[in-house]
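Below is one structure, written out as C-alpha cells; comments come after it.
Just so it is clear, none of the values below were taken in a lab; they were calculated from the coordinates. What you see is a predicted model; the values in this text were computed from it and never measured. A quick note on method: Cβ atoms are made from the backbone with ideal geometry, for glycine too, and the neighbour counts reach across all protein chains shown.
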Amino acid sequence: MSPLSSDNSNEIIRFDSRIEAQSLALQLVQQASREICFFGNTLDSALFDNTAFIDAISEFARRNHRTQIHFVVHNTQANIVSGHKLILLAQQLTSAIHIHISAEQHQHLTQMFLLVDNNRYLYCPNHQSYQGRACIHDPLEVRSLKKTFDNLWAQSTTDSSIRRLGL
C-alpha cells in the first residue's frame, strides 16, 4: 500500500487489511476541506474509533461553519454500547456531525464507503472485509458514489438514539 499524497494522482490504491483501511481513511480525512460522507453498516470501529481519527475529524468540524460531516449507517446500537468516540464527538458537535439511520429498503446494502470533498474516496464492497480501493483524485467515481450517498441520505432518518440530553 502506498500512502496517499496531496497531489492530483488518480492512482487507485488497493488495500486488503484493517490496518491499511484505517490508515487510508485517516489520510483522507486529514486532507478534507469541505465535506466528509460515510455509508456503512455501522460507525466502523476499526476506521473511526481511534484518537487520531477523532482528532482529525474534530479539527475538520471546527475549522469553519461550512464544513459538512454526514454518516448514514444501518445501526448504531453496538457503537452506543461500546462508547464509540465518534458518537461522543457528535454529541458535542451537534451542528457539525450528522448521523442518520438508513431506510429499511437499504438495510440489505453491504458496501462501505468514505467520500471526501469531490475527489477522494475509500470503498469496500463488503463492510465485513477490509478489502477495497481508495483514490485521492477520481471525481467521476466520487460523483457516482455521492449520487448513491445523496439518495441514501434523503431517505434516511436522524439517529435519535445518540442524542444526549444536556440536563
Taking the dipole about the Cα centre of the chain, with the C-beta of Lys and Arg at +1 and of Asp and Glu at -1, give me whichever of 58, 24, 129 is farthest to the positive side.
-> 58
Can you list residues whose amide H is under 5 Å from residue 159's amide H, if they're 5+ apart or on another chain and H is modeled 1.01 Å from N?
-> 99, 100, 101
Dipole moment magnitude, nearest 20 debye, the range 1-84 about Cα centre, only Lys, Arg, Asp, Glu C-beta charged = 280
Compute the acute angle (0 to 90°) between the alpha-carbon long axis of helix 139-155 and the principal axis of greatest extent of the alpha-carbon atoms of the chain; round to the nearest 10°.
-> 20
If one takes the longest principal axis of the Cα atoms in the chain, at what angle in degrees, from 0 to 90 and to the nearest 10, does the Cα axis of helix 18-30 lie?
-> 80
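If the only charges are +1 at each Lys and Arg Cβ and -1 at each Asp and Glu Cβ, what is the size of the charge dipole of the chain around the Cα centre, to the nearest 20 debye?
Details: 14 positive and 15 negative charges, 74 e Å.
Using only the charged Cβ atoms, the result is roughly 360 debye.
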